[in-house]
1. Please report, in whole Å³, the volume per residue of the convex hull around the C-alpha atoms of region 69-255.
2. Could you work out [θ]222 nm for the chain from helices alone, using -39500 (n - 2.57) per DSSP H run of at least four and dividing by all its residues? Round to the nearest 500 deg cm²/dmol.
3. For Lys41 and Tyr19 in the same chain, what is the full-extension length gain: residue separation times 0.36 nm, less their Cα-Cα distance, in nm?
4. Picking from Cys186, Gly165, Pro94, whose Cα lies most toward the positive end of the charge dipole for region 81-234 (charges on Cβ: Lys, Arg +1; Asp, Glu -1)?
5. Answer with one residue from Ala232, Met143, Pro71: the one whose Cα lies farthest towards the positive end of the charge dipole of the chain, charges on Cβ with Lys, Arg +1 and Asp, Glu -1.
6. Give me the net charge of Ser205's neighbourhood, meaning all other residues with Cβ under 11 Å from the Cβ of Ser205; Lys, Arg count +1, Asp, Glu -1.
7. Treating the beta-carbon of each Lys and Arg as +1 and of each Asp and Glu as -1, no other charges, what is the dipole magnitude of the chain about its Cα centre, to the nearest 20 debye?
8. If you filter region 74-171 for GluC sites (Glu not before Pro), then keep DSSP loop positions with at most 16 other Cβ within 10 Å, what is left?
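Nothing in this text is a laboratory measurement; each read-out follows from the coordinates by a stated rule. Given the structure is predicted, the values throughout are model-derived calculations rather than measurements. No Cβ is skipped: glycine too gets one built from the backbone with ideal geometry, and neighbour counts run over all protein chains shown.
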Amino acid sequence: MGKLQASVSMIGKVGSDHYASHLLDSLKNSKVETQHILVSKNRTGIALVTVEKNGNNHIVVAPGANFELTPEDIWNQREVIEQCEMVVLQLEIPLETVKCTLGLAKKAGKTTILNPAPAKVMSEDILENVDILIPNEHELYEMLGIEFQDQYTVQEATQIILNKGVKAVIVTLGEKGCCYINHEKCKMYSAYQVKVQDTTAAGDSFISGFAASYITSKEIDVSIKQAQKVAAITVTRYGAQSSLPTLEEVQQFEMIKYF
């Protein structure tokens with residue numbers, strides 16, 4: 001989000017190893033405020049990513065210090081939540097910490113976005129504090145504890161999630177685009193057609209593009225369009241953080257060929 005010129009502060013925890021300094025430098029170079037990132041004696045969380053010839057990836061995560069981020073840590077950093085406009089979370093930290101953060105954010109009147117990755121079954125007292133849930137289609141089914149599309153369509157599965165308290169859901173569908181669903185409507189958005197090199201960070205880039213736009217526009221259509229452009233550019237490049245585009249690149253997207 002920092003590359004998209006949104007003002008971003010991150011709460012998290014890293015280890016006291018060389019990976020930590022590398023990650024912190026990368027965040028700072030992307031204009032992310034890191035003063036609320038804590039240091040653990042444990043190792044920094046890392047991910048091993050393998051990429052197939054078609055651009056699809058497989059990721060193995062060693063969470064390390066990520067799983068030491070506690071509700072107490074969040075409470076001690078609550079000023080940054082109280083001062084922001086939007087809180088974006090994922091599930092690479094303990095569920096109890098996610099629950100605490102969402103509760104604090106909603107009490108403070110903030111917009112909350114949750115990316116359920118890696119996907120887990122969650123209780124209603126977590127989901128009821130989520131304004132916008134953004135899973136991919138596999139994560140959507142994993143949240144329900146069912147096999148992929150064995151019982152429900154995407155729309156039916158999403159409706160179950162909405163009935164648990166989530167206000168709206170955006171399901172990312174890869175090359176098929178994405179689907180926005182709330183209690184009033186369901187709308188499909190076609191994906192931009194690009195030459196895919198590496199799908200690593202596709203979901204994260206979509207969420208950052210959406211959040212950076214929605215925080216100012218408050219328009220779902222406008223924000224999804226930007227999210228899709230950000231993700232489309234990202235998958236034409238190799239890497240994770242290094243593949244994320246700048247706002248200028250996103251604005252020039254339709255003038256540049258990514259085929």
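1. About 123 Å³ per residue, rounded to a whole number.
2. Estimated from H runs of four or more residues: -10500 deg cm²/dmol.
3. Full extension of this stretch gives 6.6 nm more.
4. Cys186
5. The residue sitting most towards the positive pole is Ala232.
6. Net charge in that neighbourhood comes out at +2.
7. 500 debye
8. Here the GluC sites (Glu not before Pro) that fit, given the DSSP loop and packing criteria, are Glu85, Glu128, Glu147.
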